[in-house]
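Every number in this text was worked out from the coordinates using simple rules, so none of it is lab data. Being a predicted model, the structure only gives us computed values, none of them experimental. Quick reminder, even Gly has a Cβ in these numbers, built from the backbone with ideal geometry, and neighbours come from all protein chains shown.
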Amino acid sequence: MVREEAFSDADIIPRCMGLLMSKGEIVAGCLAPHPPHLVYAENPEQNEPTAEGGWEQLRWGYERLRESLANVDYDAIVLLSPHWQTYIGTHFLGLPSFKSLSVDPVFPNLFRYHYDLNIDVDLSRQIHDRAADAGLAVKMMENPDFRVDYGTITTGHMFNPQWDKPLVVISSNRSRDYYSVEVMQEMMIELGRVTREAILASGKKVVVLASNSLSHRHFTTESAIPEDMSKEHIASHAMHLWDMRMIEYFRTGQSQRILDEMPEFTEQAIAESDGGGLSWLLSTLDVPNYPGILHGYGTIIGTGNAIVEWPERHHKEASE
Amino acid sequence: MSNGELVGSYIVPVHPHTVLAADQNEGWGRLRDAFSEASQRIKDSGADLLIIYSTTWPSIIGHQIIADPNPEWVMVDNDFHDLGSIPYSFNIDENFAHAWNKANEKRGLKSRTVAYHGFPIDVGSVVALKLLNPDNAIPAVIVSSNVYANRAETTVLAKACMDVVKSTGRKAVAITAMSLSNRMFTKPIDPLDDQIHSLKDDEWNRKILEFLGEGRLEDVGQLSRTIHQQIRVNKVVAFKPMWWLSGMNQNRNNLTGEVLAYEALHGAGGAVVHLDPTASGAGDKEYDEDDVEYFLGERNVLDAQNDEEGTVNQSPSTAPTQTNGPALWEPTESDDSVNSNAAPKPVGAYPHARRVGDLLYLSGVGPRQPGTNSIPGGPIHDADGKTLNYDIKAQTHAVVENITRILEEAGGSINDVLDVTSFLVDMDRDFKGYNEVWAKTLGKVGPTRTTLAIRALPTPIAVEMKVIAKAPVLE
């Protein structure tokens, strides 16, 4: 399924030269969850419903993440969202801009967001092409009527409310559903590898975002006031334990253990890592062994959510 | 009560190929023709309402029902965006949607209507309505598929829907938008090369269609879990539309079925099936699953931090606990008392049961739930004394469950019950429902029984039972 030989012989020299000559860089990788409740609670002008706040621990976490990157220069954001679910390979938004109304089909009472975002089509296509070369099934999405999923928009808004950076938006290939967590992870690690290569070859400075929750068992009911924080808690003790285990790995730079335990975590915590985002993210960062910065943790309708930054620029500076 | 009815049921595929690319593959074209045939049959039936249960609209917070009278947008599929766009403008029966929502709530379901501009109608519903109702002549209603719903919840959803169909006198058609086997090829294919993904999937699909062709809908419903394990990719939604459709058809197995088409859609199994309510003449088979009327599932999770789990090992206290209703007490303890953390707290200083010799004497047992103190089936009046509608069957079931918990705490079982005195606050209204549940539960155990009408009980409940049971032998 994943071709071991990524490049033909004729490709090797020019591609390697491209890598050597470029100054492309991943300045940071972030776990940046997307429950629409966060945008709802922020009351941005783009979102129709209004809230009395709520989920502050996570929203303050996003504030800390934005502050952490405030003085970091970058050109684009590469984002993988589990709510653009594709079953026939991995897809990439392939038009320069998308403008429409996104209504969450699950929480339409909270999220009806008027978005207007730009795509770095060149970088999208570069990652697409390298993924194709690596044997992954990929497709560019070039239908102008396509509506961008709410996961992309929520993470996009919470990470960069100014929307002043172009995005590369990658779909979630549901290979876990078709095969297993192990196969999903093999494919996502490969996709992460080519994503990294494409970024380095592009000469651009990029932030990579995995838009997913940790444990993902929802409540099936909702309080009369959705932002009533007296009703918010983790779905179960077992979910809490799994979330804390993962966070400990994040904070201590044990990324390989995360990958090693991904099958158990994904199945036992019903984790949203099933969409491949976390595996992909760690692969784009070359499986970091330096600590991630935990900017926040909180629950949303029972699910566990962490905001984590791996400042690869620091890692790179330290290693230099 | 009017005489509304279901005049037909249909199973249709969800992929956009039948709308956008029917000319690219002969099989897709045959599915399109079958949609047209089904559309004509619906018109000929005189149907005045289309009810769609769509597997491509997953929900988390209970079930959602479209209530926008005229949803309009342009649908693009997540995977097959290169096939094109599908503009839509549908005719939704908002009144029915709201009535169904209320009926759901009356039966204990979490439910809400959705009427927001720009709400994304899912691909399965768009395909179904574009092809079955191309001129929007028949108003429709669309319901989501809850990712966590089990068979009981899905069955109650169907019963609530039929409550409204009957009470409003509608001639309704039930439609499930779904695949059979749903494993697609994971790479693009030439349309001419389309086929069912595997021989195994094809064989299962043909067996399902054999059943449906014979009108054996409930048989497929009972096989749903097996089918899901065998030929379904583990997507968010399980193979539960058959539960809903069977519930809409009173779990019958003797419908008149006809498979109008069966073809591959990028490897998945797509079929158009018509199930006519006319009895096929075949014997109706047993229905061996719980015929639930009221959903009693976990709905108090948001109050979990208020439950008493953290205090179960503390010493019993007779101090009343402040709750919404009469004060609750810790059950009193003595050498022969039997108290259970799995039973609702008393409303006074008494134990759940006492053991005397070979007998257990239980205090009056009502339907209140342990921990939350909620009343399945709803309270009979609110805090201001305003009368409320409630479900006597759900309350009676809950009483029996509480009795069972107390007896199990004592080391026995429901089969130990010898004598029951039942108290009803409204004999005229409730005796029938109470008696039905009795027959299915304690009636099978066989205790003696006395049923009394009384003016009120301490909490807003309609039924309470006083039980004497055999005490289990102590080791």
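Within the stretch A:246-263, is there a residue that is touching a Lys or Arg at 6+ places or on another chain (Cβ under 9 Å), assigned to a helix (DSSP H, G or I) and among the polar types (S, T, N, Q)?
no
Go over the candidates A:229, A:246, A:239, A:262 one by one and state the one that is within 19 Å of residue A:181 (Cα to Cα), aliphatic (A, V, I, L, M), touching a residue at least 40 places away in the same chain (Cβ under 8 Å) and surrounded by fewer than 24 Cβ atoms within 10 Å (Cβ to Cβ).
The conditions single out A:239.
Would you check which residues across the stretch A:19-69 are more than 19 Å from the chain's Cα centre (by Cα) and of a type in the set (A, V, I, L, M, F, W, C) and list them?
Correct list: A:19, A:20, A:21, A:41, A:51, A:55.
Would you confirm whether any residue within the stretch A:298-312 is out of contact with any Pro (no Cβ under 9 Å at 6 or more places or on another chain), under 16 Å from residue A:80 (Cβ atoms), among the small types (Gly, Ala, Ser) and buried (at least 20 other Cβ atoms within 10 Å of the Cβ)?
no
Mind checking whether some residue in the stretch B:81-96 is in contact (Cβ under 8 Å) with a residue 60 or more places away in the chain and among the acidic types (Asp, Glu)?
Within the stretch B:81-96, none of the residues are in contact (Cβ under 8 Å) with a residue 60 or more places away in the chain and among the acidic types (Asp, Glu).
Given the condition away from chain A (no Cβ under 14 Å), of a type outside the set (A, V, I, L, M, F, W, C), part of a loop (DSSP other than H, G, I, E, B) and under 14 Å from residue B:9 (Cβ atoms), answer yes or no: does some residue in the stretch B:186-195 qualify?
Checked the stretch B:186-195: no residue is away from chain A (no Cβ under 14 Å), of a type outside the set (A, V, I, L, M, F, W, C), part of a loop (DSSP other than H, G, I, E, B) and under 14 Å from residue B:9 (Cβ atoms).
For the stretch A:95-149, give me every one of the strands (runs of 3 or more DSSP E) that falls completely inside it and has 1 or more residues that are aromatic (Phe, Trp, Tyr).
A:97-103, A:112-118
Looking at the stretch A:92-108, which of its residues are within 14 Å of chain B (Cβ to nearest Cβ) and of a type outside the set (Phe, Trp, Tyr)?
Answer for the stretch A:92-108, where residues must be within 14 Å of chain B (Cβ to nearest Cβ) and of a type outside the set (Phe, Trp, Tyr): A:93, A:94, A:95, A:99, A:100, A:101, A:102, A:103, A:104, A:105, A:106, A:108.
So which residues in the stretch B:258-285 are buried (at least 22 other Cβ atoms within 10 Å of the Cβ), part of a strand (DSSP E or B) and touching a His at 6+ places or on another chain (Cβ under 9 Å)?
Within the stretch B:258-285, B:264, B:265, B:268, B:269, B:270 qualify.
Results for (1) in contact (Cβ under 8 Å) with a residue 40 or more places away in the chain; (2) of a type outside the set (A, V, I, L, M); (3) away from every other protein chain (no Cβ under 14 Å), shown as yes or no for each residue.
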position	(1), (2), (3)
A:35	yes, yes, no
A:44	yes, yes, yes
A:55	yes, yes, yes
A:65	yes, no, yes
A:69	yes, no, yes
A:83	yes, yes, no
A:87	yes, yes, no
A:110	yes, no, no
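Enumerate the pairs (first residue in the stretch B:407-435 and charged (D, E, K, R); second residue anywhere and assigned to a helix (DSSP H, G or I)) with beta-carbon separation below 8 Å, excluding pairs fewer than 6 apart on the same chain, so at least 6 apart or on different chains.
B:416/B:407; B:429/B:392; B:430/B:392
To keep it simple, each residue is scored yes or no on (1) within 14 Å of chain A (Cβ to nearest Cβ); (2) on the phi > 0 side of the Ramachandran plot.
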| site | (1), (2) |
| --- | --- |
| B:33 | no, no |
| B:39 | no, no |
| B:51 | no, no |
| B:54 | yes, no |
| B:62 | yes, yes |
| B:66 | yes, no |
| B:77 | yes, no |
| B:96 | no, no |
| B:99 | no, no |
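Could you check, for the stretch B:196-204, whether at least one of its residues is surrounded by 21 or more Cβ atoms within 10 Å (Cβ to Cβ), outside any loop (DSSP other than H, G, I, E, B) and either of a type in the set (Phe, Trp, Tyr) or touching a residue at least 40 places away in the same chain (Cβ under 8 Å) (or both)?
Yes, there is a match, as at least one residue in the stretch B:196-204 is surrounded by 21 or more Cβ atoms within 10 Å (Cβ to Cβ), outside any loop (DSSP other than H, G, I, E, B) and either of a type in the set (Phe, Trp, Tyr) or touching a residue at least 40 places away in the same chain (Cβ under 8 Å) (or both).
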